Amino acid sequence: MIEIRLCGGAGEVTGSGYLVETASARVLVDFGVFQGGDDARERSRSLGPVDPDQLDAVALSHAHIDHSGRLPLLVARGYRGPVFATPPTFALTEILLADMAKLEDEAVARLNRRRQRAGKEPISALFTLDDVGRLHRLARAVRYNEPRLVANGVRARFLDAGHIMGSASIELTIQDGTDERVIVFSGDIGPWGAPILRDPQPPTRADMVFLESTYGGRERPTLADVAAEFKRIVARAVHEHARVIVPAFAVGRTQVILFYLAEAVREGVLPRDFPIYLDSPMATKATAALAEHPEVYDEEARTLATSGQLRSDLRGLRVTESVDDSRVLNNSEHPCIIISASGMCEGGRVVHHLRHNLWRSNVHVVLVGYMARGTLGRALVEGASEVQIFGEPVAVRAQVHNLDGFSAHAGQSELLDWLSGVGPAKPRIVLTHGEDDARAALAGAIAARYGISAERPQLSDIIVLD
């Protein structure tokens, strides 16, 4: 008998984690932080059903912190076993988790000043830079499609998920008595035909599939249409001498935005020397890491990388390294494009850019990804006329554009297509990593196409495969 316990990502899009327990092994697949809502940090402090002393291995689908962010906490609580992921994923987690530790320190320092004034006890950060370093000493790199024994009776195979650099769906083949059972964890599945990365690799066998459902309730517009709309916004901003702010995830989204800005230059939409500021140290490091892993590129990206075309197109690109340089941007009003993290507007330098610019009418804010409930980005998507930033009310007069077609998540029909290799065999399908309305819509679509009644568990539920 095999039991899978949900540690997050049930009815929401953050905190993903699955504890797989067999008669002889315990393997954790992903362990991300919760995001959005006032209690996100406290929720993220919990290891849930995971006992570090009883855990044999961790398999990580990709580097985004909603899948990886509690792993340093796990190490801080005593875990010393192996962590398996692709080489590019480890290159990115070193960047993302170190940045998260730094931001945690800053956020906790601010919170503790308030708590001290209120006569409350201080709180501690989720984890430290030392914990991130200890985590990476446990790293065991696995290449795509290379079966690896990760625990007693458990083999893992990583399939390219096409979501971000190094992202994978994880296929676990588990010895269950005299039988072998296959469980597939989709991780986050990318769209087909996106720039830079290869298309997702669907599974071909499974007894059970844990499938993400972020966009399970809708179709994404085509990338061609979204790219065209993005270029229209850029052209309009250039004509109006306006400023464009793009809150973008440092990994994946930033690189795609740069790709389309270079394309806009080649098409004459954007002047070659128009100022573009990459104001995110983490995004700068992630872009450099992507350059070091050309094995993940699709054919078009390989051609552009070989020719050096992207570098020559983006002549106006400036990398803003210091906090002081970032502040200079906020104290000026010159037309430019600012790309800054975080993608959901919940932290990092972009929050300061929004604070200084949302109230201006000659500013375009371009939201290019999924915005979870409770985030500042979600409030902007929903048309808020005023938002709270650092406890201060800020009017929203900027023109807000929601281009979630740039999201690195597959839409409903793409999720259904990803299932096509296993759907006809009717495995059990468990929908996670999606809000309840998205899960319900995807469940209906799966029933219509494959005749399978998909399960929709809640947090801490136990799924039994016998």
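Any read-out appearing in this document is the output of simple, stated calculations on the displayed coordinates, not a laboratory observation. The structure displayed is predicted, hence computed values, not measured ones. No Cβ is skipped: glycine too gets one built from the backbone with ideal geometry, and neighbour counts run over all protein chains shown.
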Check: ³J(HN,Hα) across the range 138-155 via Karplus (A = 6.51, B = -1.76, C = 1.60, θ = phi - 60°), whole Hz, x for Gly/Pro?
Finding: 8, 5, 10, 6, 10, 7, 4, 6, 10, x, 9, 6, 9, 7, 4, x, 10, 10
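List E386, E392 from most exposed to least, where exposure is judged by having the fewest other Cβ atoms within 10 Å. Intermediate values should be presented prior to the final figure.
Details: E386 12, E392 8.
Going from sparsest to densest Cβ surroundings: E392, E386.
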Next item on the list: Quick one: which residues, 5 or more positions from V365 or on another chain, have an amide H under 5 Å from its amide H? H modelled 1.01 Å from N in the peptide plane, none for Pro or chain starts.
Entry: I245, Q399, V400, H401
Notebook entry, point to check: Where the centroid of each part is defined by its Cα atoms, how far is the range 81-127 from the range 183-209 in Å?
Noted result: 30 Å
Next item on the list: Averaging sequence separations of C-alpha pairs under 8 Å and six or more residues apart, then dividing by the length of the chain, give the relative contact order as a whole percent.
Entry: 19 percent
Next item on the list: Pull up the cross-link candidates among the lysines for K285, meaning alpha carbon to alpha carbon under 22 Å and not fewer than 8 places away within one chain.
Entry: K102
Next item on the list: Quickly estimate the mean residue ellipticity at 222 nm for the chain, helices only: each DSSP H run with n ≥ 4 gives -39500 (n - 2.57), and the total goes over all residues, rounded to 500.
Entry: -10000 deg cm²/dmol
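Give me the percent relative contact order of the range 223-406, please, defined on Cα pairs under 8 angstrom at least 6 residues apart. Could you put the intermediate results ahead of the total?
Details: 306 pairs, mean separation 55.9, N = 184.
Relative contact order, the range 223-406: 30 percent.
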Item checked: Under Karplus coefficients 6.51, -1.76 and 1.60, residue-wise ³J(HN,Hα) of the range 351-367 in Hz, glycine/proline x -> 4, 5, 5, 5, 4, 8, 10, 4, 7, 8, 7, 9, 10, 10, 10, 10, 8
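Using Cα pairs closer than 8 Å and at least 6 residues apart in sequence, work out the relative contact order for the range 101-158, in percent.
Averaging sequence separation for qualifying contacts and normalising by length gives 26 percent for the range 101-158.
Could you compute the FRET efficiency for R117 and R77, with r as their C-beta to C-beta distance and R0 at 51 Å, rounded to 0.05? Can you show the working numbers first?
Values: r = 31 Å, r/R0 = 0.60.
Approximately 0.95, to the nearest 0.05.
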Next item on the list: Could you run the Karplus curve 6.51 cos²θ - 1.76 cosθ + 1.60 with θ = phi - 60° over the range 213-224 and give me ³J(HN,Hα) per residue in whole Hz, x for Gly and Pro?
Entry: 9, 3, 10, x, x, 7, 9, 7, x, 5, 4, 4
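Determine the gain in length on full extension of the stretch M1-E219; use 0.36 nm per residue of separation and subtract their C-alpha separation, reporting nm with one decimal.
Values: separation 218, 0.36 × 218 = 78.48 nm, distance 3.70 nm.
Net length gain for the segment: 74.8 nm.
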Item checked: Matching label, Rg and Dmax of the Cα atoms in Å computed from the structure shown, candidates (i) 21.8, 70; (ii) 41.3, 155; (iii) 22.5, 64 -> (i)
